Amino acid sequence: MKNIAIAIHGGAGTITKASLTPEKEGAYKNALKEAVEAGHQLLARGGSALDAVEVAVASMEDTPLFNAGKGVVFTNEGRHEMDAAVMWGKTLEAGAVASVRSIKNPVKLARAVMEHSEFVLLGSYGAEEFARTQAIDFMPQEYFYDAYRYKQWIEALESGSVSLDHFEKKEKKFGTVGAVAVDAKGNVAAATSTGGLTNKKYNRIGDSPLIGAGTYANNHTCAVSCTGTGEFFIRAVAAYDISCLMEYKGYTLQQACEEVVMHKLVKLGGEGGLIAITSAGDIALPFNSEGMYRASKKNEEDTYTAIYKDK
């Protein structure tokens, strides 16, 4: 039987032990553990990698801890705009949505775009119109309200700044969630979901819903989900570059991730990280920031959860 495995992330950035209370750290680790194990349990029952990444990401979208779904940040207008993408490594099919405002689980809508439309990327009101034809759950604006996110927005408005999920003194966190998985048939999949920047304007869209930039999956190489300064990941075509290095230069997964995250992105000025997996079950969780919320589980091994560089 082939390996089954899944890895997830909940954002990267200047995340230090000093910046999280023990209670908050425990809450994050519990949420990561719950999400990764939900996906793994599905894989263990013979489910597909695509189902596993959707379940894991939806789990993180349902908690206010992460900047996706329920925990999404505020835009300059005081609204919420969400992006998401999924990709299936077996066929290279993909679906994505950008700037949707009232969708409970954007990752589910992204999958619906992939499976029930002839398109890859739908945006804003058009994506929401399509969602209604697919019985996707909508939620009122109150559902997305979180006092902490509101405080972030007010501070950003007062300072006139645009911040990456959290910016307080020298602390910053790039709030995106994602998952990559491989199932018992050797198929890989990736999914990413985010609320983008606090106080963002003009329907700004980052790398998360862009296939090849923030999300990518190919059975012959790997599946990737990114988190970080989106503009730099777009310019680096980061997710696809991992795959290219493996396909055309023969890099291992770890070598490819090291090249893109620790060298290419750093030279551009990009901060963050990514999660990646191969059809053989190899996992890489690289990041060039101080921390990244992350978890993984392979076969019957213990669940791994970590936040900082030193766990």
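The values are calculated or read from the model by the stated rules, or taken from the named source; none is laboratory data. All values derive from a computational prediction rather than experimental measurement. Cβ: placed from backbone, ideal geometry, glycine included. Neighbour counts: every protein chain shown.
I'm checking my understanding of the structure. Among residues of segment 144-174 that are among the polar types (S, T, N, Q), at pLDDT below 70 and not in a loop (DSSP other than H, G, I, E, B), which one is surrounded by the most Cβ atoms within 10 Å (Cβ to Cβ)?
S163
Being closer than 30 Å to K90 by Cα, touching a residue at least 40 places away in the same chain (Cβ under 8 Å) and either among the small types (G, A, S) or surrounded by fewer than 24 Cβ atoms within 10 Å (Cβ to Cβ) (or both) is the requirement here; does G71 meet it?
no
Given (1) surrounded by fewer than 22 Cβ atoms within 10 Å (Cβ to Cβ); (2) in contact with a helix residue (DSSP H, G or I) (Cβ under 8 Å, 6 or more places away or on another chain); (3) within 16 Å of V53 (Cβ to Cβ), identify the lone condition not met by A295.
Only one criterion is unmet by A295, namely (1).
Here are some residues: V188, V177. Which one is under 17 Å from M60 (Cβ atoms), touching a Gly at 6+ places or on another chain (Cβ under 7 Å), modelled with pLDDT of 95 or more and buried (at least 24 other Cβ atoms within 10 Å of the Cβ)?
Going through V188, V177 in turn, the sole match is V177.
Output the number of residues of segment 75-89 satisfying the condition of being acidic (D, E) and either at pLDDT 95 or above or within 9 Å of G196 (Cα to Cα) (or both).
Summing the residues that are acidic (D, E) and either at pLDDT 95 or above or within 9 Å of G196 (Cα to Cα) (or both) in segment 75-89 gives 2.
So for segment 195-206 (the condition being buried (at least 24 other Cβ atoms within 10 Å of the Cβ), among the aliphatic types (A, V, I, L, M) and either at pLDDT below 95 or under 23 Å from M262 (Cβ atoms) (or both)), does at least one residue qualify?
Checking segment 195-206: at least one residue is buried (at least 24 other Cβ atoms within 10 Å of the Cβ), among the aliphatic types (A, V, I, L, M) and either at pLDDT below 95 or under 23 Å from M262 (Cβ atoms) (or both).
Name the single residue, out of those in segment 29-68 being touching a residue at least 12 places away in the same chain (Cβ under 8 Å) and among the basic types (K, R), that is nearest to K298 (Cα to Cα).
K33
Hey, can you tell me all the residues within segment 274-286 that are buried (at least 24 other Cβ atoms within 10 Å of the Cβ), in contact with a Leu (Cβ under 7 Å, 6 or more places away or on another chain) and not β-branched (V, I, T)?
Within segment 274-286, A276, A284 qualify.
For V182, only one of the following conditions fails: (1) aliphatic (A, V, I, L, M); (2) within 16 Å of the chain's Cα centre (by Cα); (3) buried (at least 24 other Cβ atoms within 10 Å of the Cβ); (4) modelled with pLDDT of 95 or more. What is its number?
The number of the failed condition is (2).
Name every residue in segment 259-311 that is assigned to a loop (DSSP other than H, G, I, E, B) and among the hydrophobic types (A, V, I, L, M, F, W, C), in order of residue number.
Hits for segment 259-311 are A280, L285.
For segment 237-244, state whether one or more residues are free of Cβ contacts under 8 Å to residues at least 40 places away in the same chain, assigned to a loop (DSSP other than H, G, I, E, B), more than 16 Å from M82 (Cβ to Cβ) and out of contact with any Ser or Thr (no Cβ under 7 Å at 6 or more places or on another chain).
Yes: segment 237-244 contains one or more residues that are free of Cβ contacts under 8 Å to residues at least 40 places away in the same chain, assigned to a loop (DSSP other than H, G, I, E, B), more than 16 Å from M82 (Cβ to Cβ) and out of contact with any Ser or Thr (no Cβ under 7 Å at 6 or more places or on another chain).
In this structure, is Y308 out of contact with any Cys (no Cβ under 9 Å at 6 or more places or on another chain), over 14 Å from A5 (Cα atoms), surrounded by fewer than 22 Cβ atoms within 10 Å (Cβ to Cβ) and not β-branched (V, I, T)?
yes
Checking the condition charged (D, E, K, R), under 22 Å from G123 (Cα atoms), in a helix (DSSP H, G or I) and at pLDDT 95 or above, which residue from E37, E54 passes?
E54
Applying the selection to segment 117-130, what residues are touching a helix residue (DSSP H, G or I) at 6+ places or on another chain (Cβ under 8 Å), surrounded by fewer than 23 Cβ atoms within 10 Å (Cβ to Cβ) and not in a loop (DSSP other than H, G, I, E, B)?
Those that are touching a helix residue (DSSP H, G or I) at 6+ places or on another chain (Cβ under 8 Å), surrounded by fewer than 23 Cβ atoms within 10 Å (Cβ to Cβ) and not in a loop (DSSP other than H, G, I, E, B): L121, F130.
Residue by residue through segment 192-215, note down the ones that are farther than 14 Å from L121 by Cα and either of a type in the set (G, A, S) or assigned to a strand (DSSP E or B) (or both).
Of everything in segment 192-215, those that are farther than 14 Å from L121 by Cα and either of a type in the set (G, A, S) or assigned to a strand (DSSP E or B) (or both) turn out to be T194, G195, G196, T198.
From (1) surrounded by 24 or more Cβ atoms within 10 Å (Cβ to Cβ); (2) touching a Ser or Thr at 6+ places or on another chain (Cβ under 9 Å), pick out the condition that doesn't hold for Q141.
If we test Q141 against (1) surrounded by 24 or more Cβ atoms within 10 Å (Cβ to Cβ); (2) touching a Ser or Thr at 6+ places or on another chain (Cβ under 9 Å), just (1) comes out false.
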